[in-house]
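Below is one structure, written out as structure tokens; comments come after it.
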Amino acid sequence: MVEKFRALFRDEIARMVAKGATEADMQEEAFDEMIARNVARQVYDLVQQLDAEDRQEVWLDYFQRVSVNKLREVAAKLRGKRSADAADAAYDLEYLADLRERGEA
């Protein structure tokens, strides 16, 4: 799985170089953020193409592996959306983060 992600990053960097990105561009923090955003978008699109059962498995695996800090970061972003569903999901992620910190999950 890690190699697949690395390949996505390499491919995205190659696309940016083909569009004219220079070595100096690649040294900028904004370049890294742009690459990460583009790869995240690709992964999200791929996950959305899966059937419901496989999609659920991917998200469960992600949330089991992601750091407590990342869980809290995602929860904060969801709270910013100001919808009931996003608020519920944010609460669930915070709860999972709390369980992880206590070694219960």
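Counting just the residues of the stretch 35-51 that are part of a helix (DSSP H, G or I) and charged (D, E, K, R), which one comes out surrounded by the fewest Cβ atoms within 10 Å (Cβ to Cβ)? Can you show your working first?
First, pick out the residues of the stretch 35-51 that are part of a helix (DSSP H, G or I): 35-48.
Filter again for charged (D, E, K, R), leaving 37, 41, 45.
Working: Arg37: 11, Arg41: 11, Asp45: 9.
The extreme case among them is Asp45.
In this structure, does Asp54 turn out to be in a helix (DSSP H, G or I) and either among the polar types (S, T, N, Q) or over 20 Å from Phe9 (Cβ atoms) (or both)? I'd like the intermediate steps shown before the answer.
Values: in a helix (DSSP H, G or I): yes; either among the polar types (S, T, N, Q) or over 20 Å from Phe9 (Cβ atoms) (or both): yes.
Answer is yes for this residue.
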**Request:** Check whether at least one residue in the stretch 4-20 is in a helix (DSSP H, G or I), surrounded by 13 or more Cβ atoms within 10 Å (Cβ to Cβ) and within 14 Å of the chain's Cα centre (by Cα), and report yes or no.
**Result:** yes
**Request:** Residues being in contact with a helix residue (DSSP H, G or I) (Cβ under 6 Å, 6 or more places away or on another chain) and either loosely packed, with under 15 Cβ neighbours inside 10 Å or charged (D, E, K, R) (or both): count how many of those fall in the stretch 80-100.
**Result:** 2
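Bear in mind that the values in this text are calculations on the coordinates, not laboratory data. Quantities reported herein were computed from a predicted structural model and do not represent experimental measurements. Don't worry about glycine lacking a Cβ; one is built from the backbone with ideal geometry, like all the others, and counts go over all protein chains shown.
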